[in-house]
Structure formats: C-alpha cells, structure tokens
Amino acid sequence: MNIRWFASAGLFMLLSACSMPAITDSSNVVAGAGATSEKLTVLDHHVIPRDAEIGGLKITELSGLAWDEDEQLLYAISDKGRVYHFQLNIENDLIKSVKPVFGAKLRDVKGKQLKKNQRDSEGLTVWNASNGKKGDTQLVISLEGKPRIVRFTPQGRAIADIAVPKPLRNHRKLRASNHGLESVAYHNKYGFITAPEESLKGQPKNLHTVYAAKKQWSFLAYPAENSSITAMDMMPGTNNLLVMERAWSGVLNPMVISLRRVNLDACSDKGECKAENLKVFSSSFSVDNFEGMTPIGNNRYLIVSDDGKHDLLRTLLTLFKVE
C-alpha cells in the first residue's frame, strides 16, 4: 500500500525533500496505549538516493525486506512487482553503505511479467537463507488484491504458489482491495504465517489476526486510529512475533509507527494474545511510511519506508536492536 494520496492533502508543504528528521520517539502518543518497554534501541538511518537505480529500474516504493544470511544479501520488493538485491555494510551498528547489485521485474512461472492486477507485492520473507548452503534461497512474497503467497527465485521468477490460509482466500472478505496480505513470515512449527492489513469484514476493526494453515493468533491493534499491520517477522531463536503497525488518519494527525512484540507462548488456547509495545514513533511533519522489516542477526532489524514514488518522500532504512 503506498501513500501517494498524501499529495492531494496538502501535507507536502510541510516537508523538505532530503532534510526531514527521522520519526521521533513518542511513547505516549496515544492516550491509553499502555507503556512501552523501552527494549528497542534505534541505531542508525540510511536514505537510499532518489536517483538510485539498478538494471534499468528506479529503486522506489519498497514494501518488503528480507536478509539472506548465506548469500549476505539484502532483498527488497516494491509494490509495483520488482525485486532488488543490495550489498549491506554495517560496522559497529552503523549503516556504512547499501549498494544495489541487482534489479528485476517479478515474472510468472513461464517467465512473463506479472499482470498489472497481480503484481502488488507487499510482504517478503526468505526460505533456505540460513542453512549454510549457497544457491538454494527462495523468496516468499505475499501479494495484495487477490490474496496469494508465492515462492520466487531470488531473480524474481515464480516457482509455485503456497496455499493461503482458508479464511483469507476470499478477497471479498477484505475491508478494502488494498488491505490484503501486507506481510508474510515463517514459523518453525506452523509454517508460513500471514495477516491482512486490517481485520476481515465482520470482525472487530481493532483486532488483528495472524493466520497459519492450522492456527490463528489474535491481539488488539495499537490504539491509534486505523492502525494496520505492515510487516511482521518471527524473532530468531524465540516464539515471539515482531509486528510493525502504521496508523494515519488525516493531515491534522501524526503518522504513528508502532513496533510490538507478541509472545505466542503466552497466548490462550483460543489464540488470544497480548502485544507488548517496544517502541512507538510519531511525527506530524515526516511521513515515513514504513512497510518492510527483516531481522539481520544479533537481535538487529531493518525497516524501510515506501516513498510512494513522490519526490518529497524518501526511501529510509532504519536499523534498530531489540533486547
């Protein structure tokens, strides 16, 4: 989901193209939101230049991230059906460089570019990316519109579909066509898990549900208006789910980004869970629309913002650590 619709709202008059500060910590931005644990530390930021391109493709509208430990590559997808590879250099918890080395359009199993109504790639995770073998990595991408989860080669060619959890197969149950499968992750016991951006029709609007093939977990959304899931990952070595939510409700209100942890071991037998607020960011002046997230080792994570293909927004990578 991009935010080009901000342009018509007049908010851009408040922005400066390259000098906007990063979103600022605002743990008490929403009354009644509950305390933040302060177990998350922001380490660094990096802006990908506006004119950056690779393979003849401009690097823009990034919506998903995944780290390949075996290949030492950072993958990114855009919501226009493109995949990018980056060489990532981090030293002393600082981002020294992010170098694009590959870019391509996503293609179907026959090698044809995905049709326009099928290429809204939003969620990304990796398969076989930390097994000590090179050359067997696969990208797993969730697609909005008609709900799909598809395995791709790192070069962007489809291999096969993964079955979408049954409650999510009917796109008519989505609250809107662009409120579909914004995220995908892998659980060692339950397999691939995914979640719609907002709850399905007929469910409480403030209740998020994460779906596996044979399991569901639900927790209350962060209490900011329109708070929706944009990314999630299993935290390595734990049964904790790290969830990123984004909330925006008009030009007079701040963009709210919340990073939350759900301990799946502490959920009830019915899958009722509680979410711990690790960090909440808010700004009325910067509209960094964070949509992608990935663990990169040593309890560190990267998130990336979607620039909406607009000159006054940016592609911002933020590095943080969770204790």
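Label residue 206 and residue 94 with points 7 Å out from Cα along Cα→Cβ: what is the distance between them in nm?
4.3 nm
Starting from the Cα of residue 279, draw a straight line to each of the lysines and keep only those under 18 Å, dropping any in the same chain fewer than 8 residues away.
Answer for residue 279, where 18 Å is the Cα cut-off: 39, 321, listed by chain and number.
Alpha carbon centre of region 255-270 versus region 125-188: separation in Å?
The distance from the Cα centre of region 255-270 to that of region 125-188 comes to 21 Å.
Pop out the ³J(HN,Hα) list for region 252-259 in order, Karplus 6.51 cos²θ - 1.76 cosθ + 1.60 with θ = phi - 60°, rounded to Hz; leave Gly and Pro as x.
Karplus values, whole Hz, x for Gly and Pro: 8, 10, x, 6, 10, 10, 10, 10.
Under a Cβ-only charge scheme (Lys and Arg +1, Asp and Glu -1), can you give me the dipole magnitude of the chain about the Cα centre, in debye to the nearest 20?
Details: 41 positive and 35 negative charges, 287 e Å.
Dipole of the chain, to the nearest 20 debye: 1380 debye.
With θ taken as phi - 60° and the coefficients 6.51, -1.76 and 1.60, list the Karplus ³J(HN,Hα) couplings across region 192-198 in order, rounded to whole Hz; mark glycine and proline as x.
Rounded to whole hertz, the list is 6, 10, 8, 8, x, 4, 10.
Have a look at 64, 305, 244 and report the one farthest towards the positive end of the charge dipole of the chain, computed about the Cα centre with Cβ charges (Lys/Arg +1, Asp/Glu -1).
64
Once you have the Cα-Cα distance between residue 131 and residue 171, take 0.36 nm times their residue separation minus that, and quote the gain in nm to one decimal.
On the way: separation 40, 0.36 × 40 = 14.40 nm, distance 3.49 nm.
Full extension from residue 131 to residue 171 adds 10.9 nm.
List every residue whose amide H lies under 5 Å from the amide H of residue 157, counting only residues 5 or more places away in sequence or on a different chain, with H placed 1.01 Å from N in the peptide plane.
So residue 157 has HN proximity to 107.
Per residue of region 270-275, what does 6.51 cos²θ - 1.76 cosθ + 1.60 with θ = phi - 60° give for ³J(HN,Hα)? Whole Hz please, x for Gly and Pro, Karplus curve as stated.
Taking θ as phi minus 60°, the curve returns 8, x, 8, 10, 10, 10 Hz for region 270-275.
Give the label of the value calculated from the structure for Cα Rg over 2.2 N^0.38 Å, choosing from (i) 0.92; (ii) 1.26; (iii) 1.08.
(i)
Since every read-out is calculated from the coordinates, none of them should be taken as a lab result. Model, not experiment: these values are computed from the prediction. Methodologically, a virtual Cβ is constructed for each residue, glycine included, from the backbone with ideal geometry; neighbour enumeration extends over all protein chains shown.
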